[in-house]
């Protein structure tokens, strides 16, 4: 099967453009925006299933190629073939479909290679197993309904009112692009929604599903950590960046944390990410990694503290 797929992609990569069949534009009814909205609203759809048979296989490659050649318009689910969401169905989508079939790790999420938050910040996405993750830490200063994170009203906490619901490391915005923001758990749990619409802060179980897929907690950290390390400039891990391969393309960077009274620690050595799951009335579960280990650790921390956030698609 893999040899057949390889032969198909080699042949059509060489000849489709020469034949004048390099691309097929989506219709006005399936513009890029409408296409992405359709996919985000119908979780039962299978990306790449361009022949509508409920499976992702070589027949979908054939159906997409035939569509490019003008041989199969309707009734195929050809809107599912625009995997890079560029508004066209072309040889790049054929390559993407084949990569999905072969389960190539680290691909962007089909149909949604990027996601934008309320502030206009753009994040890359990565498909890991059946989960679609943001590839960078969250940096938004607004909930997805436009309310500033600082104006959070669905809790009252003396420390957080003084220190703030989010901050940059050492309150220095120059760290924003490198490591993202550090949010308290009340912002995580706000009914306003800290992640973009259609996304959420992962539960404890969803983090467990991720680490299980990557081989368990003892191995997952190495597969999730960026390979950048000292003496590289920030963002990077301190050396030794033990067994870091970033095989999953989750590209974790160590943004440190903020304690409830406002001090900051561990930038460059440790990364901490909230889950949305409570442990007690005052603590919630999180995951962390550090530079000299290949593991992902699970602990709980005070809700007043500031940790990084990665969003997961609904």
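Derivation of every value follows stated rules applied to the coordinates shown; laboratory data play no part. From a predicted model like this one, the values you see are computed outputs, not experimental measurements. FYI the Cβ positions are ideal-geometry reconstructions off the backbone, even for glycines, and counts take in every protein chain you see.
Show me 81-91, 190-200, 290-300 ranked by packing, highest mean number of other Cβ atoms within 10 Å first.
Details: 81-91: 21.1, 190-200: 19.0, 290-300: 17.5.
Highest mean packing first, the order is 81-91, 190-200, 290-300.
Extension gain for residue 130 to residue 172 (0.36 nm times residue separation, less C-alpha to C-alpha distance): 11.5 nm. Legend: calculated FRET efficiency, residue 263 to residue 141, from the Cβ-Cβ distance at R0 = 25 Å, rounded to 0.05, equals 0.70. Put in line by how crowded their Cβ is, counting other Cβ atoms within 10 Å and starting with the fewest, 309, 152 read 152, 309. Rounded to 0.05, the FRET efficiency of the residue 302 and residue 103 pair, given R0 = 30 Å and the Cβ-Cβ distance, is 0.15.
The label-point distance for residue 52 and residue 203, in a model that sets each label 7 Å from Cα toward Cβ, rounds to 3.4 nm.
Placing a pseudo-label 7 Å from each Cα along the Cα-to-Cβ vector at residue 122 and residue 314 gives an inter-label distance of 2.4 nm.
If r is the Cβ-Cβ distance from residue 283 to residue 114 and R0 is 41 Å, what FRET efficiency results, to the nearest 0.05? Intermediate values should be presented prior to the final figure.
On the way: r = 34 Å, r/R0 = 0.82.
The value I calculate is 0.75.
How long is the gain from residue 232 to residue 69 if the chain were fully straight, where each residue apart is worth 0.36 nm and the alpha carbon distance is subtracted?
Stretched out fully, the residue 232 to residue 69 stretch lengthens by 54.0 nm.
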